[in-house]
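Data first, discussion second: the structure below is written as structure tokens.
Taken together, the values in this text are just the output of simple stated rules run on the coordinates, not laboratory data. Since we're looking at a predicted model, the values are computed, not measured. Counting neighbours? That spans all protein chains shown, and the Cβs are built from the backbone with ideal geometry, glycine included.
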Amino acid sequence: MMTTTATNRIDRLFADRSRKLFIPFITVGDPTPEATFHLVRAMVDAGADIIELGVPYSDPLADGPTIQRASQRALQHGVSIADALQLVSRLRESGVEAGIVLFSYFNPVLQYGIERFFADLAAHGADGVVIPDLPIEENGPAVAAAKQNGLHVISLVAPTSDTRIKTIGEQATGFLYCVSSLGVTGARAELREDLADFLQRVKASTTAPTAVGFGISTPEQVRAVASHTDGVIVGSAIVQEIEKHQDQLKDPAHMPEAVEKIKTFVQQLVSALQ
Amino acid sequence: MPSNIQTTTRVVPDENGRFGAFGGKYVPETLMNALHELETAFEEARRDPQFAAELNELLNKYAGRPTPLTYAERLTEALGGAQIYLKREDLNHTGAHKLNNALGQALLAKRMGKKAIIAETGAGQHGVASATVAAKLGLSCKVFMGEEDIRRQSLNVFRMKLLGAEVIPAVSGSRTLKDATNEAIRHWVSHVEETFYVIGSVVGPHPYPYMVREFQKIIGEETRQQILQQLGKLPDEVVACVGGGSNAIGMFYPFIQDESVALRGVEAAGKGIGTDKHAATLTLGRPGVIHGSLTYLLQDEHGQVQEAHSISAGLDYPGVGPEHAYLKDTGRVTYTSVTDAEALAAVELLCRTEGIIPALESAHAIAEVMKRAPQMSPEKIIVICLSGRGDKDVLTIQEALAERTEGGEA
């Protein structure tokens, strides 16, 4: 068995806790699989440390309208777990050394086969997975298969987790995904007032690094949460930018220019971190 | 995975909310504490005689329970075989069995100090039931309903609004019950601290499938008692339609231990199980996760949920309650399916023989009995759960009959 700490990029990246990591999310195949490849490379160039790649799903019940629409766009291309894995391979072959975690609802993983999924994740060069509808009560088989392959199942912890924070924190590996607000994914104007308290409680419960996501969309918000966490996750705000430029991203002649715009957007978020 | 046959005498669900391999809690972390609180509150309420008394008072003096068990003499004659009895859930206040559960959950919401309830609805029956109990108990109510169903069930939409509920259209996916449920869950995640989610069927994460069964099992308990009083014996068969499956579970559960009683669940075959327009989840689905529960699911090879189809909005659902998945695998319940056309013929037959317009959902159970009763001897007894009345469906029925006359699908 591989030992996780020696090989997993997530562990290497979080080893120095004085540096805050930036973790962008985009959906694989939004607006096309080809565009996703170039967008990931651009985000890495912009300073992203770990890339969260969303596997599109027909019923994304933890996601708000922005990522729902991204899923729909990607599903028009029939994008599946297999396509996401191929993208990871292609990114690795092109020299991308950032951490890569897949974000998938549980049913596609279950249908793919839990053990096969984690073996293939490792074989294609991914570092872990976030499964938003798989709470700790249900994640035993996934965690075991991940461990076998030197990968992390990233657990989520929410402001409503309350007494569960301790249990989740104790079991967390890779990093602990702190849900910054109640509700589904999506950009929000204001963050919760008690966010700092919540993040303090999470930090006290775990030795794993923490990353904050859900609703963080501006450099100001990134700056505001950075001091309470080891990493910041931004999804919907970037997906909104992709949506805005989807026509150019689908057109090979205009793709580079659109990719450059999204790179600039990500750079602004990254620079707010340091 | 879920192939291991369990004995039907096992207590289900277990402490993890599992019916055999099925059920569980596959939901975002944000909801886990709320589910735990709900579980605790429900267990406390269940053991509290005052809660039971309050619920019984509402069921008897507001909902109109017990509902009768009617001998369908002319239907029996027309089919020329087994004697057919109808459990008259259509006579419940608001016209369907849905009120049994809505009353129970809303009373629990009140007990937990929640001021707002939300609900999803397909045909609109659960939405109407939720709006009704919200008015009765002084709670605010939001009902999530697929845009397509809003079109199909405009009368029920108006009823809900008249009762003071807000109807929120679900515009994602197929714009039917599954999408309304997604939207309700998303709203619940955002407002979990003050909102109680009244799920309308035996679906969703634990403890819902269990709790809804407990609130619906009154159907089967009354039926069992009534048939013993009327005939001095148990029926040979009990038949109910299955979408999510709450009327069926409510009807079947008190008969599970009566091994002489055959239990039949009837799914919607839509345009036919050879087509891609059906809702025959147990017949054609594979185990998967939908709305927080591991159960049979209509899905493609990648695990994307497929759209269901049925003429009946209440059966138009690609999942099914996890207890049904378990009862299918144990073999205790037999699941079959009937088409839109067969259900329509059943509506006509019941109208003309018994003077009852059944809901399109319930018509699926009648259609199954139209096939079975003639093959059975006159000593045999069949009970059908007539889960709802068809007033809400008359426009759909009118359209479908017109289409049939024009030479569509006879």
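Summary of computed values
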quantity: Value of [θ]222 nm, deg cm²/dmol, for the protein assembly as shown, DSSP H segments ≥ 4, -39500 (n - 2.57) each, nearest 500; calculated: -13000 deg cm²/dmol
quantity: Convex hull of Cα atoms in chain A, direction-averaged projection (nm²); calculated: 12.7
quantity: Among B:120, B:194, B:307: highest mean-square fluctuation, GNM of chain B, C-alpha pairs under 10 Å; calculated: B:194
quantity: Once the Cα gyration tensor of the range B:135-222 is diagonalised, semi-axes √(5λ) in Å; calculated: 22, 17, 16
quantity: Length-normalised contact order for the range B:270-315 - Cα pairs under 8 Å, 6+ apart - percent; calculated: 35
quantity: Relative contact order for the range B:255-387, counting Cα pairs under 8 Å that sit 6 or more residues apart, in percent; calculated: 24
quantity: Relative contact order [Cα under 8 Å, 6+ residues apart], the range A:1-108, whole percent; calculated: 33
quantity: Virtual spin-label span in nm between residue A:261 and residue B:405, 7 Å along Cα→Cβ; calculated: 5.7
quantity: Over the range B:251-314, equivalent-ellipsoid semi-axes from the Cα gyration tensor in Å; calculated: 25, 16, 10
quantity: Viscosity 0.692 mPa s, 37 °C: Kirkwood-radius Stokes-Einstein D of the range B:303-410 over Cα pairs, µm²/s; calculated: 214
quantity: Whole-percent pair-distance distribution, where bins are 10 Å wide, for the alpha carbons of the range A:1-85; calculated: 17, 39, 31, 14, 0
quantity: Where N is the number of residues in the range B:250-381, Cα Rg divided by 2.2 N^0.38 Å; calculated: 1.09
quantity: Volume of the Cα convex hull of the range A:126-167, divided per residue and given in Å³; calculated: 77
quantity: Distribution of pairwise C-alpha distances over the protein assembly as shown, 10 Å bins, in %; calculated: 3, 16, 25, 24, 16, 10, 5, 1, 0
quantity: Shape category assigned to chain B from the gyration tensor of Cα positions, a/c cut at 1.5; calculated: rounded
quantity: Computed P(r) (all Cα pairs; the range B:163-210; 5 Å bins; percent); calculated: 5, 19, 23, 30, 18, 6
quantity: Solution diffusion estimate, µm²/s, Stokes-Einstein, the range A:189-252, Kirkwood Rh from C-alpha pairs, 37 °C, viscosity 0.692 mPa s; calculated: 246
quantity: Candidates B:129, B:82, B:102, ranked by Gaussian network fluctuation over chain B, Cα under 10 Å, top entry; calculated: B:82
quantity: Nearest-0.05 FRET efficiency for residue B:257 and residue B:162, computed from C-beta distance (R0 35 Å); calculated: 0.25
quantity: Percentage, to the nearest whole number, of Cα pairs in the range B:1-129 over 25 Å apart; calculated: 49
quantity: Whether the range A:43-169 is rounded, prolate or oblate, judged on the alpha carbon gyration tensor where a/c under 1.5 counts as rounded; calculated: rounded
quantity: Check: the protein assembly as shown dipole with +1 on Lys, Arg Cβ and -1 on Asp, Glu Cβ, in debye; calculated: 840
quantity: Share of Cα-Cα pairs in the range B:98-163 lying beyond 16 Å, as whole percent; calculated: 38
quantity: Calculated FRET value between residue B:379 and residue B:301, using beta carbons and R₀ = 35 Å, to 0.05; calculated: 0.15
quantity: Charge dipole of chain A about the Cα centre (unit charges at C-beta), most positive-ward option of A:18, A:274, A:180; calculated: A:18
quantity: Of A:258, A:237, A:189, the one that fluctuates the most in a GNM where chain A has Cα springs shorter than 10 Å; calculated: A:189
quantity: Charge dipole of chain B about the Cα centre (unit charges at C-beta), most positive-ward option of B:305, B:81, B:105; calculated: B:105
quantity: Cα-based convex hull, the range A:144-274, per residue volume (Å³, whole number); calculated: 134
